[in-house]
Amino acid sequence: MTTAVPAVARGQLTRPSLRARLWGLGSIYGKTMRDSRRAVILAAALIGLIFIGVTGAIAQQFNTPESRLEMVAIIKAVPPILAGLGGPIVNVGTLGGYLQYKYGTFFPVLLSLWSVLALSGTLASEAHRGSLEFLAAGPQSRVRVALEKLAAHLTGLAIVFVVTLISIAIAGAKFATLPGDELSITQAFAYAAWMVLMALAAGSVAWALGPFVGRGAAAGIAGLITIGGFIVSGYSAPVPELAPIAKLTWYGWTINHLPLAGQFDWPSVVFLAVFVVVMLVVGLIAFARRDIGFTSTVPTPSLPRVLVGLRGPVTRAIGNNLPATISWGLGIGVFGLLLAGSSRSFTEELNNSPDFMRLLSSIFPKLDFASVGGFLQLLFIEIGIVLVGLAAVTLVAGWASDETSSRLELVLATPLSRVRWATSSGVGVLADMLLVVVITAIAIGIGGLIAQGSDVLTPTIGVLALFFYGAALIGIGMAVGGLIGTRFAALAVGLVVLLTWFVQLLGPLFNLPDVVQQLALTNHLGQPMLGVYDWGGIAASALIAIAGVALGAWGFSRRDLRA
């Protein structure tokens, strides 16, 4: 009687097929691609659809020479302090020029946030979980492990690049209605390459910092440079004091590269590519030479004893998310402080533009936009809402990690009911969101005092309205986490943030039905920086938050862990 000896026992290893490797069963590269496939598909599809949809809407809305002339006149009438985030005004009378000015600078920011989150955690998160030690113990070197993981992210960005290139080419060919509207392959290639390199620049900084300071700090620093560079570069022209700082960021380096408008600055793009390569190499060498999981923490005060989790689930939830809470509060707060601090220049610009002031007065007869609050209502709220939404994603992900990392099994082994844990931890996460907004409000108040604004208190209090939007998002995340599963909670909140941004920014351009536009919670906050509140919308947001926590607790009590 004989027994078949497995090939592994005989020392004969069977190499996985190419299909298996690509599916993630035989290579680190394939496994990483499989894990990130949803994010790649979402990013590529979203950018492609937005490019085609926005271009079509622009061509339909401004389809005559007269409408184009009116559009150019309006854009040129806007004071520079209000046009800052749109970038230089070049050929805005053409389809590509208007697309570049109005929307072209925002897509790299959104893609950068994905790249930062991906590359900051590619190695650091696995080192934190301990799974990276198993990979390093295998026959592959550390350099190969890092290269394959990096190659997977680069493949994802390459897919986004191809989709963007094709989308711009299709849009330019289909929607060119007037002379000069055509978008060449060169323009499409130049924009897609610039957008991907901008995103990769932010991600490469996080990649290089990750082995030294860990995932959270690396993502925070890279994210702050990204958002800060975007803002500072946009306002470097109307506020000359910001120009030296802008030149230190990749937004300042490539500010004159406007390919959709027909203006190219290839040397700056090449310099950007060199910077990306250097940062990626630094991160690769740092990972190969340092101990796995060893980071140099930034010295910070230790948590108070009440927040370390020994006095109940509420304080534990607050303490668990406190580092991320403070980071988001400071990041959004710095953004608000910079804008509030430059409000004096804004007021001076408006006083030099009486025609624009009359236009604002005709639209909003009872509101004073020549103030700190007016400036912040026009420029802070639109981006601040997106940042608060991303903070909510982070906080919900931190809450969900209790279950996804199996810590919750130990917590519930104590005399603690599921309903109490879910409800109490929900209250803790809402308290973290309140702290994010309070830190932001304090920073805006300081910026208003620096600018010597006449009414600093109104916008400082108005920032608190953002808490209700963030609380509603947390309620949605907890409802999804309790009813469906915590692994979907942060994803659901992220989708709501993106859809809300899409409806708010592009709804008027696409002429979406009013009932659709009213679904965005951000359209029901009023004008809080000017002291005008939509109390019905705020109450609805509070109700969503409370109902979400309650539904999450109910659903969580009726399902198995990690369902």
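Considering only the range 521-529, I want to know if a residue exists there that is at pLDDT 85 or above and within 23 Å of residue 428 (Cα to Cα).
Among the residues of the range 521-529, not one is at pLDDT 85 or above and within 23 Å of residue 428 (Cα to Cα), which makes the answer no.
So which of 502, 556, 488 is without any contact (Cβ under 8 Å) to a residue 40 or more places away in the chain, assigned to a helix (DSSP H, G or I) and not hydroxyl-bearing (Ser, Thr, Tyr)?
Going through 502, 556, 488 in turn, just one is without any contact (Cβ under 8 Å) to a residue 40 or more places away in the chain, assigned to a helix (DSSP H, G or I) and not hydroxyl-bearing (Ser, Thr, Tyr): 488.
Got a number for residues in the range 426-440 being touching a helix residue (DSSP H, G or I) at 6+ places or on another chain (Cβ under 6 Å) and open to solvent by 10 Å² or more (accessible area, probe 1.4 Å)?
The qualifying residues number 6.
Is it the case that residue 458 is open to solvent by 20 Å² or more (accessible area, probe 1.4 Å), in a helix (DSSP H, G or I), at pLDDT below 90 and polar (S, T, N, Q)?
yes
Quick check: anything in the range 84-103 modelled with pLDDT under 65, under 26 Å from the mean Cα position of the chain (by Cα) and not small (Gly, Ala, Ser)?
Among the residues of the range 84-103, at least one is modelled with pLDDT under 65, under 26 Å from the mean Cα position of the chain (by Cα) and not small (Gly, Ala, Ser), which makes the answer yes.
The conditions are (1) of a type in the set (A, V, I, L, M, F, W, C); (2) at pLDDT 80 or above; (3) more than 17 Å from residue 251 (Cα to Cα); (4) open to solvent by less than 10 Å² (accessible area, probe 1.4 Å), and residue 69 fails exactly one of them. Which is it?
Unmet for residue 69, out of (1) of a type in the set (A, V, I, L, M, F, W, C); (2) at pLDDT 80 or above; (3) more than 17 Å from residue 251 (Cα to Cα); (4) open to solvent by less than 10 Å² (accessible area, probe 1.4 Å): (4).
Between a residue in the range 527-547 that is polar (S, T, N, Q) and in a helix (DSSP H, G or I) and any residue that is surrounded by 15 or more Cβ atoms within 10 Å (Cβ to Cβ) and at pLDDT 90 or above, which pairs come within a Cβ distance under 7 Å, given they are 6 or more apart or on different chains?
Taking only residues 6 or more apart or on different chains, the pairs are 541/468; 541/469; 541/471; 541/472.
Given the range 210-324, what helices (runs of 4 or more DSSP H) lie entirely inside it while holding 3 or more residues that are open to solvent by 80 Å² or more (accessible area, probe 1.4 Å) and modelled with pLDDT of 80 or more?
266-289
Results for (1) out of contact with any Gly (no Cβ under 9 Å at 6 or more places or on another chain); (2) in a helix (DSSP H, G or I); (3) surrounded by fewer than 23 Cβ atoms within 10 Å (Cβ to Cβ); (4) at pLDDT 75 or above, shown as yes or no for each residue.
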position	(1), (2), (3), (4)
330	no, yes, yes, yes
338	no, yes, yes, yes
344	no, yes, yes, no
356	yes, yes, yes, no
399	no, yes, no, yes
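Out of 367, 376, I need the residue that is closer than 27 Å to residue 507 by Cα, modelled with pLDDT of 80 or more and aliphatic (A, V, I, L, M). Which one?
376
Give 538, 544 a once-over and let me know the one that is open to solvent by 40 Å² or more (accessible area, probe 1.4 Å) and of a type in the set (Val, Ile, Thr). Explain how you work it out, then say what you get.
Working: 538 fails: open to solvent by 40 Å² or more (accessible area, probe 1.4 Å).
Answer to the selection: 544.
The values are calculated or read from the model by the stated rules, or taken from the named source; none is laboratory data. These numbers were taken from a predicted model, which means no experiment stands behind them. Positions of Cβ are backbone-derived with ideal geometry, glycine not excepted, and every protein chain shown enters the neighbour counts. Remember, those area values only see protein heavy atoms, side chains included, never the ligands or the DNA or RNA. Shrake-Rupley method; radii C 1.70, N 1.55, O 1.52, S 1.80 Å.
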